[in-house]
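Read the structure below first, then the notes.
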Amino acid sequence: MMRVTGLVKRFPGVVALDGVDLDIRAGEIHALVGENGAGKSTLVKALAGIHPPDGGSMTLDGRPYKPGSAADGLAAGISVVHQELALLPYLTVAENLFLRALPRKAGVVDRRRLRTDAAALLAEIGLDVAPDTPVERLGIAQMQLVEIAKAISTEARLLIMDEPTATLTSRESGRLFGILRGLRERGVAIVYISHHLQEVLELADRVTVLRNGRSVVSRPMAGVTAPDLVRAMVGRDLAQEYPPLPERAAGEEMLKVTGLRVSGFDGPLSFSVRAGEVVGFAGLVGAGRTEAMRAIFGADTALAGTIELHGRKVRVRHPKDAVRHGISLLTEDRKSQGLVLDLPISANVTLAKLRGALLSFKRERALAQQYGSRLHLRSAGVSQHVRTLSGGNQQKVVLAKWLNAGSDVLIVDEPTRGIDVGAKYEIHELLLGLAAEGKALLVVSSDLPELMGICDRILVFSRGKIAGEVARADFDAEHILTLAYSGYLKNGEKP
Ligand SMILES: Nc1ncnc2c1ncn2[C@@H]1O[C@H](COP(=O)(O)OP(=O)(O)OP(=O)(O)O)[C@@H](O)[C@H]1O
Ligand SMILES: [Mg+2]
């Protein structure tokens with residue numbers, strides 16, 4: 001259907017695509033993998049007409065394809081779910097879904113049809129929200145599902161998904177895979193980008209590996225293993241998936257949360273985390289983990305409850321209070337809550353620790369450079385604006401910001417979202433290193449293997465309550481999932 005030959009795309013200071021070849025066939029799921037900054041999203045934008053390439057060529061059905069804008073891409077039947085969400089927050093879910101072609105009756109928008117069409121689409125994707133809900137009220141996973149629903153509603157011939165499952169839990173991802181397989185049956189070509197190699201192995205018919213803007217491997221999936229993919233992406237073998245847990249003695253109780261209640265959830269929540277401990281928070285999307293963490297950090301107002309640090313009660317009414325008391329929160333939504341996109345890397349890294357003090361630009365740049373090399377940040381330099389970094393590299397900047405704040409309690413919500421396999425290992429190592437230094441870590445993640453890989457114990461949320469606690473010795477994915485579902489099932493029902 002589409003052939004890409006020797007595609008080149010340059011940005012100031014970087015060659016994002018440096019000769020990419022790709023063959024996309026109807027009725028096939030083609031996975032695109034590669035490290036953070038390898039050029040995947042740039043390639044997607046070239047295919048979609050957003051970034052016209054500087055060299056190379058593309059053909060569609062054997063004819064030259066030279067899109068000059070996103071509209072050209074759409075007209076050619078190419079639909080994209082971008083890595084960074086692009087919904088209109090003040091419009092409703094239904095309006096966002098059908099924005100390109102709102103149903104009309106006698107010239108005015110047919111509200112009733114809009115609602116029923118949206119409801120049907122939401123049911124297909126498995127998203128349980130009212131079509132009239134404003135998008136700004138949704139969580140990030142729900143927004144992601146709306147983006148996906150929007151893309152599949154256009155009946156595209158080529159559907160491109162740039163990390164669609166980054167924010168989803170396995171239940172939602174499973175549903176998405178079912179839909180993608182159905183589209184493949186109907187002859188749709190699908191390009192699928194993911195850092196979850198397990199998904200690629202499960203789903204794809206063909207795979208292309210990008211490294212430094214070049215396609216280094218492009219072949220059918222048959223016989224390909226995860227280590228093969230890692231080797232092609234990173235250029236070396238990765239010994240194991242998770243770093244060993246450091247030896248630590250259980251320290252004093254660092255953070256104690258008692259009777260916390262947040263708006264929209266049952267609660268109350270009570271738990272504590274010791275110095276040196278890594279505590280995981282598992283649960284389905286919408287179980288209230290993010291909301292609880294935001295309340296602890298003062299980003300949302302808690303309805304009730306107390307927070308103690310080092311045995312002393314503290315008042316956290318604003319993130320400023322939290323930072324002052326030594327609590328950090330790496331939010332799940334880096335674009336709208338974690339970064340100032342139009343500031344350089346250096347300013348973002350030092351953002352959480354300015355507190356009115358004068359920081360020289362020289363010192364700021366030096367700090368950013370230091371964190372950049374520690375986290376293997378891929379950029380054209382610390383003055384590069386964060387907006388133009390690849391998704392995974394943006395995530396590293398948020399992490400650097402909180403490392404620089406040096407808090408005793410570090411809450412991380414989806415810390416490795418969009419991070420490639422090699423960098424993921426490094427981030428895990430870093431988090432475990434902080435625990436070894438005596439910090440208390442709270443890790444919220446939809447990636448259960450990640451929680452089981454790095455946590456000392458896991459608290460399982462279900463419908464706004466803590467449904468259970470599992471110690472490392474008893475980690476078992478099935479048991480944890482059963483707890484995660486428990487709040488949503490009637491007595492005796494099985495998940
Ligand atoms: N608009 C832009 N201006 C300048 N540089 C850019 C721009 N967009 C992308 N880049 C650079 O191009 C390179 C490739 O980025 P791209 O977003 O394609 O990577 P990616 O493979 O999608 O990575 P990730 O897995 O982190 O999403 C990066 O070095 C990035 O900083
Ligand atoms: Mg990307």
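Coordinate-derived values only; no laboratory data. None of the values given here were measured: they were computed from a predicted structure. All Cβ positions, even for glycine, are placed from backbone atoms using ideal geometry, and neighbour counts span all protein chains on display.
Things to note:
- Excluding exposed DSSP-loop chymotrypsin sites (Phe, Trp or Tyr not before Pro) (at most 15 other C-beta within 10 Å), longest clean stretch of the chain: 91-487
- For the stretch 2-234, the C-alpha radius of gyration divided by 2.2 N^0.38 Å, with N the number of residues, is 1.03.
- Rg over Rh, two decimals, the chain (C-alpha only, Kirkwood Rh): 0.96
- Between the amide H of residue 207 and those of 31, 219, 221, distances stay under 5 Å, these residues lying 5 or more places away or on another chain, with hydrogens modeled in the peptide plane.
- DSSP-defined beta bridges in the chain - what % are antiparallel, rounded to 5: 55 percent
- Per-residue extension of 0.36 nm, minus the Cα-Cα distance of residue 128 and residue 270, leaves a gain of 48.3 nm for this segment.
- Projecting label points 7 angstrom from Cα along Cα→Cβ for residue 336 and residue 99 puts them 1.2 nm apart.
- When Rg and the Kirkwood radius Rh are both evaluated on Cα atoms of the stretch 239-295, their ratio Rg/Rh stands at 1.07.
- Neighbours of residue 472, meaning other residues whose beta-carbon lies under 10 angstrom from its beta-carbon, give a summed charge of -1 when Lys and Arg score +1 and Asp and Glu score -1.
- Under 28 Å from the Cα of residue 105 - lysines, other chains or at least 8 residues apart: 150
- Exposed loop sites here mean trypsin sites (Lys or Arg not before Pro) with a DSSP loop assignment and at most 12 other beta-carbon atoms within 10 Å; the chain contains its longest site-free run at 1-185.
- The string of couplings for the stretch 50-62 from the Karplus curve (6.51, -1.76, 1.60, θ = phi - 60°) is 6, 10, x, x, 8, x, x, 8, 10, 10, 10, 6, x Hz, one whole number per residue in order, with x for Gly and Pro.
- For the set 45/335; 320/362; 362/424; 9/396; 335/439, the pairs lying more than 20 angstrom apart at their alpha carbons are 320/362; 362/424; 9/396; 335/439.
- Rg followed by Dmax, in Å, when the stretch 1-57 is reduced to its Cα trace: 11.3, 38
- Simple spin-label estimate for residue 11 and residue 212 in nanometres, 7 Å along Cα-Cβ: 1.9 nm
- Taking only Cα atoms of the stretch 318-468, radius of gyration then Dmax in Å: 15.4, 49
- Environment charge of residue 188, counting only residues whose C-beta is closer than 14 Å and scoring Lys/Arg +1, Asp/Glu -1: +1
- Acute angle (nearest 10 degrees) that the helix 111-125 long axis makes with the longest principal axis of the chain, alpha-carbon atoms: 80 degrees
- Per-residue Karplus couplings for the stretch 87-104, computed as 6.51 cos²θ - 1.76 cosθ + 1.60 with θ equal to phi - 60°, are listed in order as 8, 9, x, 8, 8, 7, 4, 4, 5, 4, 4, 10, 3, 5, 8, 5, x, 10 Hz, Gly and Pro entered as x.
- For the stretch 253-486, share of DSSP beta bridges that run antiparallel, in % to the nearest 5: 55 percent
- With a simple spin-label model that places each label point 7 Å from the Cα along the Cα-to-Cβ direction, the separation between residue 353 and residue 430 comes to 1.3 nm.
- Among 136, 163, 199, the order by Cβ neighbours within 10 angstrom, fewest to most, reads 136, 199, 163.
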